[in-house]
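The values are calculated or read from the model by the stated rules, or taken from the named source; none is laboratory data. Remember, it's a predicted structure, so these values are computed and weren't measured experimentally. Neighbour counts run over all protein chains shown; Cβ positions are idealised from the backbone, glycine included. With ligands, DNA and RNA removed, areas are computed over all heavy atoms of the protein, side chains included. Shrake-Rupley method; radii C 1.70, N 1.55, O 1.52, S 1.80 Å.
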Amino acid sequence: MSTPERPTSSPAARAELARARADELADRLDEMARGVRSSAESAERAQRRAGEALARAKRAHRASADRHTEAGAAHLRAAAAHEEAAIREGDDGGNAHQDAAEQHRDAAHRHDGWAADQLKQG
């Protein structure tokens, strides 16, 4: 089972945990509709679940930021490859490679911004 310290990584396992949480919430909603009051145990469980949800959200934002950082680095590598190709091609075809390199640098910059946004949210 997943804990904030040991997250479950497989999609099937995460889906099963989400179904279990949804069932738990549906049961509690039913209890509340029938007038069953919260117990110390149910309040503690709700706090624990909220903490787990927050930890999952933080991990998701961090993972998203990491993927954006990786994408930005890939774009910078592509820009460098286009710049090298531009140097080899010289005046004959170098402009197209320079344009492509600029587009990749711009994309890298956008990914850096998106990574920063994810870190702020997480």
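Only one residue of Ala107, Ala78, Ser42 has its Cα farthest out toward the positive end of the dipole of the chain, where Lys and Arg carry +1 and Asp and Glu -1 on Cβ, and that residue is Ser42.
Scalar couplings 3J(HN,Hα) for segment 12-21, obtained by applying the Karplus form with A = 6.51, B = -1.76, C = 1.60 to θ = phi - 60°, are 5, 5, 5, 5, 5, 5, 5, 4, 5, 5 Hz; x denotes Gly and Pro. Using a probe of 1.4 angstrom and keeping all protein chains present, the accessible surface of the chain works out to 72 square angstrom per residue.
Within the chain, the longest run free of trypsin sites (Lys or Arg not before Pro) that sit in a DSSP loop with at most 12 other Cβ atoms within 10 Å is 38-122. FRET efficiency for the Ala18 to Glu70 pair, using the beta carbon distance and R₀ = 25 Å, is estimated at 0.40.
Spin-label model, Asp30/Arg62: points 7 Å from Cα along the beta carbon direction are separated by 3.7 nm. Subtracting the Cα-Cα distance of Ala43 and Ala81 from 0.36 nm times their residue separation leaves 8.0 nm of extension gain.
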